[in-house]
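Rule-based calculations on the coordinates, nothing more; no lab input. Just so it is clear, the model here is predicted, and its values are computed rather than measured. Here the Cβ positions follow ideal geometry from the backbone for every residue, glycine too, while neighbour counts run over all protein chains shown.
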Amino acid sequence: MSAVRKAVIPAAGLGTRFLPATKAQPKEMLPLLDKPAIQYVVEEAVHAGLTDILIITGRGKRPIEDHFDRSIELEHFLESKGKFEELKQVREITDMASIHYIRQRDPLGLGHAVSVAEDHVGGEPFAVLLGDDIIAESNPLLSEMLRVHERYGRSVLAAMEVSREEISLYGCIEPEFVEDDRLARVLSVVEKPEPENAPSNLAAIGRYVLTPEIFDALRNLEPGVGGEIQLTDAINVLAQQQAVYAYVFEGGRFDVGNKLDYMKAMIELAIDREDVGKELKRWLADLVQRKKLL
Ligand code: G1P
């Protein structure tokens, strides 16, 4: 069994839920405080020891490539002005990993986006990180999933309990718990079921460690929910062929795929930040009073 080295980050989606902000810029570049959302995801992969990162892009996604590329002009400017802290930050973005890009071309769904990574990933196990799910920096979720993979040599999904009503927004896992209530065998997984048909309230969250057999499953798949090639459907096929595990984690996750949760993520992240946190808390308390929110 080989250790996981590669991460795949699908970033080809059109970001229609954020129009008009995403008309001329990728949704992955929307800032959460002072970093674009995709930088948090790349940093998470790097912290978990994954140093080869493939970003699946499409039309209009060039700013992502520019962000992770060297900007000699900017570096010279910062240097000449003595802005060494900013210079360090800018250089770190470029140096943290080996980042590659491939275009999805046709927007046929998440499963299809992952399938275009096949040549790059080769026959190795790899991680997939979805950019709409931001995991708090202190949460070791991905490292823990990699440990489960090391132990069993099989695919591992991140899972989180959600309410019955919310389950139809997610891939839903039918679990058989092993050891304790943190680790389950995935008996089946179904994309966005109606609450009454959902086998559980355990949702798949956007972190996956996958064995390369996923590509065979993807190749033979018919379009699923929404007429798209669904990663969930391929994982379901895989789970019938070899063990697939779900690692249940708690807290520390922000869904930045919609406006309200994006706002919440921004505020929660900022509250914990040294540079703005203290003043933000004071302002929020004042706002609650002024607008009579409580
Ligand atoms: C995708 C996956 C879904 C998963 C979710 C996690 O859905 O298809 O299985 O539960 O991400 O965020 P999306 O949110 O892109 O509709």
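Between GLU279, GLU44, GLU222, the GNM of the chain built on Cα springs shorter than 10 angstrom shows GLU279 fluctuating the most. For the stretch 64-142, the extents of the C-alpha atoms along the principal axes are 47, 32, 23 Å, listed from largest to smallest. Using DSSP loop states and a limit of at most 16 other Cβ atoms within 10 Å to flag trypsin sites (Lys or Arg not before Pro), what is the longest stretch of the chain containing no flagged site? In the chain, the maximal stretch lacking such sites is 183-272. Extending 7 Å from the Cα toward the beta-carbon at both ARG219 and GLU166 defines two label points whose distance is 3.8 nm. Our note on the geometry: Cα centres of the stretch 103-133 and the stretch 228-264, 14 Å apart.
Computed from Cα positions, the angle between helix 141-152 and the longest principal axis of the chain comes to roughly 30 degrees.
Give the residue list of GluC sites (Glu not before Pro) in the stretch 157-263 that are DSSP loop and have at most 14 other beta-carbon atoms within 10 angstrom.
Working: sites: GLU161, GLU165, GLU166, GLU176, GLU179, GLU191, GLU196, GLU213, GLU228, GLU250; in loops: GLU165, GLU179, GLU213, GLU228, GLU250.
For GluC sites (Glu not before Pro) across the stretch 157-263 that sit outside H, G, I, E and B with at most 14 neighbouring Cβ atoms in 10 Å, the list reads GLU165, GLU179, GLU250.
Excluding same-chain neighbours fewer than eight residues apart, the lysines reachable from LYS281 by a Cα-Cα span under 24 Å are LYS35, LYS259, LYS264, LYS291, LYS292.
For LYS81, the aspartates and glutamates whose Cα comes closer than 18 Å to its Cα, not counting residues fewer than 8 places off in the same chain, are GLU73. Restricted to Cα atoms, the stretch 158-247 shows a radius of gyration and a Dmax of 12.4, 37 angstrom.
Applying 1/(1 + (r/R0)^6) with R0 = 51 Å to the Cβ-Cβ distance of ASP119 and ARG290 gives a FRET efficiency near 0.35.
Highest GNM mean-square fluctuation among VAL190, VAL276, VAL46, for the chain modelled with Cα contacts below 10 Å: VAL276.
Principal-axis analysis of the Cα atoms of the chain puts helix 277-290 at an angle of about 90° to the longest axis.
To the nearest 0.05, what FRET efficiency results for GLU179 and GLU137 with a Förster distance of 25 Å applied to their C-beta separation? Don't skip to the end; give the middle numbers.
On the way: r = 27 Å, r/R0 = 1.10.
After rounding, the FRET efficiency stands at 0.35.
Computed over the Cα atoms of the stretch 22-116, the ratio of the radius of gyration to the Kirkwood radius (Rg/Rh) comes to 1.00. Relative to the longest principal axis of the Cα atoms of the chain, helix 259-271 runs at roughly 60 degrees.
Taking 0.36 nm per residue of separation and subtracting the Cα-Cα distance, full extension of the segment from GLU43 to SER188 would add 49.1 nm. A simple spin-label model places pseudo-atoms 7 Å from Cα toward Cβ; at ASP95 and GLU75 they are separated by 0.9 nm. Ranked from largest, the principal axis spans of the Cα set of the chain equal 59, 50, 37 Å.
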